[in-house]
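What follows is a single structure, written as structure tokens, with notes after it.
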Amino acid sequence: MFTGIIETLGSLERLTPSSGDVRLHVNAAGMDLSDTRLGDSIAVNGVCLTVTDLAADGFAADVSRESLDVTTLGHLGPGDRVNLERALALGDRLGGHMVSGHVDGVGEVVTMEPDARSTRVRFRAPAALARYIAAKGSITIDGTSLTVNRVDGAEFEVNIIPHTWSLTRFAVYTVGSPVNLEVDLIARYLERLMLGDRAAEPGARAADLSEAWLAEQGFPNQSGPRD
């Protein structure tokens, strides 16, 4: 687990193809790796990866075909900056929110505009993720924990303060830049819980829920007349 508070910006040294997937080599000179061991987890642009090799100024990790297909890691090139965060340790401060490092999909930057000393950035999420994104809820963008300010369909906005701007990849974004998105864990589990016994049925989706079914499960009817 992670918090979404980026520790440092690293840079990609190289991607080495290996039997259909790749090994990723990261320069992490700004991160204290003194207590990092082989097998530990480090989030790279929000993707939880297992350390397979350590050097004085960085580490290597294997990236599976699945991770390459559903994240932006395969599009990185040598020298590209990456957000880095080591796994959360028991007793650490939880400054962001609970982040799993399991990317749900790839979004893109729609607009970037100055907003006083901050920068207001609008993103477009895949349509299938839109239902999990709520105003004042949490979202993880390339591993950075952020609060959603506004939602409009599959698009949403966040404000980036100068401190976050200087310590993360936001400074390299342009309109159209792809980003890794992880929605709030609570939203995903709540959807499954609402399915109740139907969760075990193949193909069951929250979108199939009806008011009648919700009433059968004991949820109050919110559409009827009020006193």
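The values are calculated or read from the model by the stated rules, or taken from the named source; none is laboratory data. These numbers come from a predicted model, not from an experiment. Here the Cβ positions follow ideal geometry from the backbone for every residue, glycine too, while neighbour counts run over all protein chains shown. Surface accessibility is based on the protein's heavy atoms, side chains included, excluding ligands, DNA and RNA. Shrake-Rupley method; radii C 1.70, N 1.55, O 1.52, S 1.80 Å.
Reported count of residues in the range 61-77, each being surrounded by 11 or more Cβ atoms within 10 Å (Cβ to Cβ) and in a loop (DSSP other than H, G, I, E, B), is 4.
Within this structure, E7 passes the test of being open to solvent by 60 Å² or more (accessible area, probe 1.4 Å) and in contact with a Gly (Cβ under 9 Å, 6 or more places away or on another chain).
State the number of residues belonging to the range 1-27 that are at positive phi and in contact with a helix residue (DSSP H, G or I) (Cβ under 7 Å, 6 or more places away or on another chain). Qualifying residue count for the region: 1.
A quick yes/no check of all residues on (1) modelled with pLDDT of 95 or more; (2) more than 22 Å from I5 (Cβ to Cβ):
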position	(1), (2)
S100	no, no
I141	yes, no
D184	no, no
M194	no, yes
D197	no, yes
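Selection of the range 138-156 for residues being open to solvent by 20 Å² or more (accessible area, probe 1.4 Å) and over 27 Å from M31 (Cα atoms) yields N149, R150, V151, D152, G153, A154, E155. Within the range 113-128, the set of residues being among the aliphatic types (A, V, I, L, M) and surrounded by 16 or more Cβ atoms within 10 Å (Cβ to Cβ) comprises V121, A125. Please enumerate the residues belonging to the range 83-105 that are open to solvent by less than 60 Å² (accessible area, probe 1.4 Å) and in contact with a helix residue (DSSP H, G or I) (Cβ under 7 Å, 6 or more places away or on another chain). Matches in the range 83-105: N83, S100, V103, D104, G105. For the range 80-102, state whether one or more residues are more than 20 Å from the chain's Cα centre (by Cα) and closer than 13 Å to G10 by Cβ. Scanning the range 80-102, I find no residue that is more than 20 Å from the chain's Cα centre (by Cα) and closer than 13 Å to G10 by Cβ, so the answer is no. Within the set of pairs 6+ apart or on separate chains, which have a first residue in the range 121-149 that is under 21 Å from I42 (Cβ atoms), a second that is in a helix (DSSP H, G or I), and C-beta atoms under 6 Å apart? Sorted first by the residue in the range 121-149, then by its partner, the pairs are D142/R169.
Within the range 157-170, is even one residue polar (S, T, N, Q), under 30 Å from L15 (Cα atoms) and open to solvent by 60 Å² or more (accessible area, probe 1.4 Å)? Within the range 157-170, one or more residues are polar (S, T, N, Q), under 30 Å from L15 (Cα atoms) and open to solvent by 60 Å² or more (accessible area, probe 1.4 Å).
With respect to V183, is the statement that it is buried (at least 17 other Cβ atoms within 10 Å of the Cβ), over 21 Å from S41 (Cα atoms) and not aromatic (F, W, Y) true? In short, no.
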